[in-house]
Amino acid sequence: MKLSVDPIACRGHGLCADLLPELVRLDEWGYPVVAAGPVPPELAAETRRAANACPALALRLRKA
Amino acid sequence: MSILPPHRLDLAGHRRRNGVVPWVAYHGDDGRDRLVEAVEAAGLRGRGGGGFPTAVKLRAARSRRSIVVANGCEGDPLSRKDAALLALSPHLVVDGLQLAAHAIGATETVLCVDTGSPVLPSVTAALAERDDRVPVRIAEIPRRYVASEESALVHFLTSGDARPLGKEPRPAERGVRGRPTLVDNVETLAQLASAVLLGPHHYRAARTDLVTVTGAVRTPGVVELPAGPSLTAVLAAAGGETEPLQAVLVGGYGGTWTTDLRLGLSGIPAVYALPASACGLEYTAKVLAFLAAESARQCGPCMFGLPSIAADFAELVRGGPAVHRLAHRLPLLTGRGACAHPDGAARLAASALRTFGADVTTHQAGGRCRVLEGVA
Ligand code: SF4
Ligand code: SF4
């Protein structure tokens, strides 16, 4: 699985970085920077939860 | 065959100089296949900056109800090649548009130019002279830097909003009004027509590039040279330097500074020659301020990041310690917008720091540089 952010949909709420600090950090303007590469299997469930929690539905999970 | 004639060609003049499209050779479904194969054999790549193989794009957009969009908008203030082409050889562009339409089975074509563009009369007159199978509509697009981006054009033609839409879906899948859409730069279409008129074999041997040259050259303007010219050749074609150069900006406002004149150019729309008597950091700061103002303000890293790096550069010119902030910020902007606008700005800024490294140091030491002090 691959995690990405739709930059147009994202409102910079920052919730994703709270829920998934292992893969998401925020830049100085509060917008998410997602770790490159596939989502490690042990984080799959957490990642799915974070994607569902994004209020703008901007955090996307795709089959790699 | 050069694609840019010295004077404007009307339909008769165009046919005398460039010939007539051999439509019978491309009749029917096999004909479409042969046409795409010819484009492939010619080795044609997009001239809008992406350099993507045109035949692959044609195949992706094939459908019986697709649309071809010819992109003649020039958002980059350093580029004039598309306007020159539409002013001098509009029929070559429209021949290419019709060929592309035939290749993908399009029932509609749109020729996009900047609102109020001086090429409108030339284009309108050319279309009135022709009797094309697929109708061509002219669309005037708001003059914004990012409006000429592929997804922004599609968005505008669908909804009247010229902001980029993001990378997915590709216009070839869902483009204008949801229809498969081929978006090609007008030079690409002129090159396509030229490849068909000459035949792929001759075209490969004779193909050319258009480059807009500005800055410290004797005859600034659009030049045409054998494909893949060196920077030295491009500057010579514009009459040569008027004074010693410090660096050249290759690729327009989102381009790269270089001092290597042996560099080979391919599909580069514009170069700007910076004289030794000007400050490269100051010029870059101005361009970055322009790019920041042109953000479509949809993506955070672009909306906040570009004004930040523009401010950093302005500070750098004044002698502030912005270099460390830039080293941290620039890598962060790349690949984080829905379009490549922030990537271009970050590329320009990074190349300026590399190319004018010595000037960065003097600015920081004294808040001025050799240029501002008049010692250059
Ligand atoms: S939670 Fe969603 S909207 Fe908020 S910063 Fe993360 S991706 Fe953007
Ligand atoms: S990256 Fe900038 S210009 Fe491109 S869509 Fe996002 S906000 Fe608009």
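The values are calculated or read from the model by the stated rules, or taken from the named source; none is laboratory data. This one's a predicted model, so the numbers in the text were calculated from it and none came from an experiment. Counting neighbours? That spans all protein chains shown, and the Cβs are built from the backbone with ideal geometry, glycine included. Accessible surface areas use protein heavy atoms only, side chains included; no ligands, DNA or RNA. Shrake-Rupley method; radii C 1.70, N 1.55, O 1.52, S 1.80 Å.
A compact table of results
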read-out: Tally of residues being open to solvent by less than 10 Å² (accessible area, probe 1.4 Å) and either in a helix (DSSP H, G or I) or closer than 20 Å to B:D30 by Cβ (or both) across segment B:53-68; value: 5
read-out: Qualifying positions in segment B:136-147 - free of Cβ contacts under 8 Å to residues at least 60 places away in the same chain and either out of contact with any helix residue (DSSP H, G or I) (no Cβ under 8 Å at 6 or more places or on another chain) or open to solvent by 40 Å² or more (accessible area, probe 1.4 Å) (or both); value: B:R137, B:I138, B:E140, B:P142
read-out: Segment A:20-30, subset out of contact with any strand residue (DSSP E or B) (no Cβ under 8 Å at 6 or more places or on another chain) and within 14 Å of chain B (Cβ to nearest Cβ), residue farthest from ligand 2 (Cβ to nearest atom); value: A:E28
read-out: Subset of segment B:273-302 [away from chain A (no Cβ under 14 Å) and polar (S, T, N, Q)]; value: B:S277, B:T284
read-out: Test for A:L57: is it open to solvent by 40 Å² or more (accessible area, probe 1.4 Å), at pLDDT 95 or above and either in contact with a strand residue (DSSP E or B) (Cβ under 8 Å, 6 or more places away or on another chain) or near ligand 1 (Cβ under 8 Å from one of its atoms) (or both); value: no
read-out: Options B:R336, B:R329, B:R318; residue that is open to solvent by 20 Å² or more (accessible area, probe 1.4 Å), over 28 Å from B:R80 (Cα atoms), in contact with a His (Cβ under 9 Å, 6 or more places away or on another chain) and not aliphatic (A, V, I, L, M); value: B:R318
read-out: B:S266 within 16 Å of ligand 2 (Cβ to nearest atom), out of contact with any His (no Cβ under 7 Å at 6 or more places or on another chain) and among the polar types (S, T, N, Q); value: no
read-out: Members of segment B:317-376 found to be of a type in the set (D, E, K, R) and at pLDDT below 90, listed by number; value: B:R318, B:D359, B:R368, B:R370, B:E373
read-out: Residues (in contact with a Leu (Cβ under 8 Å, 6 or more places away or on another chain) and either within 16 Å of ligand 2 (Cβ to nearest atom) or in a helix (DSSP H, G or I) (or both)) located in segment A:46-59; value: A:E46, A:T47, A:R48, A:R49, A:A50, A:A51, A:A53
read-out: Only listed residue being in a loop (DSSP other than H, G, I, E, B), open to solvent by 30 Å² or more (accessible area, probe 1.4 Å) and within 21 Å of B:R47 (Cβ to Cβ), chosen from B:R170, B:R163, B:R133, B:R174; value: B:R170
read-out: Index of the failed condition, B:F290 passing every other in (1) in contact with a Phe, Trp or Tyr (Cβ under 9 Å, 6 or more places away or on another chain); (2) open to solvent by 20 Å² or more (accessible area, probe 1.4 Å); (3) without any contact (Cβ under 8 Å) to a residue 40 or more places away in the chain; value: (3)
read-out: Every residue from segment A:12-36 that is away from ligand 1 (no atom under 12 Å from the Cβ) and in contact (Cβ under 8 Å) with a residue 24 or more places away in the chain; value: A:E22, A:A35
read-out: Filter pass, B:L9 being in contact (Cβ under 8 Å) with a residue 24 or more places away in the chain, assigned to a loop (DSSP other than H, G, I, E, B) and surrounded by 14 or more Cβ atoms within 10 Å (Cβ to Cβ); value: yes
read-out: Residue check, B:V234 surrounded by 19 or more Cβ atoms within 10 Å (Cβ to Cβ), in a strand (DSSP E or B) and either at pLDDT 95 or above or not polar (S, T, N, Q) (or both); value: no
read-out: Answer residue from segment B:177-213, given it is among the charged types (D, E, K, R) and surrounded by 18 or more Cβ atoms within 10 Å (Cβ to Cβ) and is nearest to B:K57 (Cα to Cα) among those; value: B:D184
read-out: Matching residues, segment B:70-123, being in a loop (DSSP other than H, G, I, E, B) and either within 17 Å of B:P6 (Cα to Cα) or open to solvent by 20 Å² or more (accessible area, probe 1.4 Å) (or both); value: B:E74, B:D76, B:P77, B:R80, B:S89, B:T115, B:G116, B:P118, B:V119
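Each row is one residue, and each column tells you yes or no for (1) within 16 Å of ligand 2 (Cβ to nearest atom); (2) over 28 Å from B:S308 (Cα atoms); (3) part of a loop (DSSP other than H, G, I, E, B); (4) in contact with a strand residue (DSSP E or B) (Cβ under 6 Å, 6 or more places away or on another chain).
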residue: A:S4; (1), (2), (3), (4): yes, no, no, yes
residue: A:G12; (1), (2), (3), (4): yes, no, yes, no
residue: A:D18; (1), (2), (3), (4): no, no, no, no
residue: A:A44; (1), (2), (3), (4): no, yes, no, no
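Residue-by-condition table, conditions (1) more than 30 Å from A:S4 (Cβ to Cβ); (2) among the hydrophobic types (A, V, I, L, M, F, W, C); (3) in contact (Cβ under 8 Å) with a residue 24 or more places away in the chain:
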| residue | (1), (2), (3) |
| --- | --- |
| B:A83 | yes, yes, yes |
| B:T109 | yes, no, yes |
| B:E149 | no, no, yes |
| B:T158 | no, no, no |
